[in-house]
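Structure record follows, encoded as structure tokens.
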Amino acid sequence: MSDDFELVEGNDCPMSSCAVPAGSPCRTGRGKVAVQYHTSRFRLVPSLAKALSVPTLSARRPGSVWVELPRPVAADAAPAGHVRIGYARASTVRQSLDAQLDSLKRAGVARVFSEKISTRATKRPELERAVALAGEMRVSGVAATIVVHEHKRLGPSRTMEQDPALTVLAR
């Protein structure tokens, strides 16, 4: 379900009022990002042909001013570049992230997402944002790697079944 947007955006929108190229979300007549993809576009994907609607990914910012995003590259093309995205986490407000941030900087990380959140938390907003950014970069043809200071910073005893973000990291 989360990859539906990639399947839909792999095609140009056939609606004459939209006509966006592959790689970008649909747009409304008023020049905003559409809340859902146009039916004629998502029906081009066989697995979505019978769906009633396919919502636009929240990272695409539905309702914002529409701009063309970088077009996806062919599957056999080499990456246009490589970027490292960092993630730093502390369990309590009193703990410092300085050592992690310094380590990530030395590792050549371009952008760091950090948060102070309990290990027991089931949702990690900053990790989810890092994974979403890496996904968008991959769609545009840039290789992206998420870097953490230590594996335990993701959380102890977490498995791919328990944490969907790890599933995305493992692809």
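The values are calculated or read from the model by the stated rules, or taken from the named source; none is laboratory data. Quick caveat: nothing in here was measured; it's all calculated off a predicted structure. Note: ideal-geometry Cβ built from the backbone for every residue, glycine included; neighbour counts use all protein chains shown. Each accessible area value is taken on the protein alone, full model and side chains, heavy atoms only, with ligands, DNA and RNA left out. Shrake-Rupley method; radii C 1.70, N 1.55, O 1.52, S 1.80 Å.
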Next on the checklist: List the residue pairs whose Cβ atoms are under 6 Å apart, where the first residue sits in segment 59-72 and is under 15 Å from Leu133 (Cα atoms) and open to solvent by 80 Å² or more (accessible area, probe 1.4 Å), the second is modelled with pLDDT of 80 or more and not in a loop (DSSP other than H, G, I, E, B), and the two are 6 or more positions apart or on different chains.
Outcome noted: Arg61/Val33
Checklist entry - Which residues, counting only those in segment 107-125, are under 18 Å from the mean Cα position of the chain (by Cα) and open to solvent by 40 Å² or more (accessible area, probe 1.4 Å)? => result Ala110, Arg111, Val112, Ser114, Lys123, Pro125
Item to check | Residues of segment 16-38 satisfying the condition of being crowded, with 17+ Cβ neighbours inside 10 Å and either part of a helix (DSSP H, G or I) or in contact with a helix residue (DSSP H, G or I) (Cβ under 7 Å, 6 or more places away or on another chain) (or both) | outcome: Gly23, Ser24, Pro25, Cys26, Val33, Tyr37
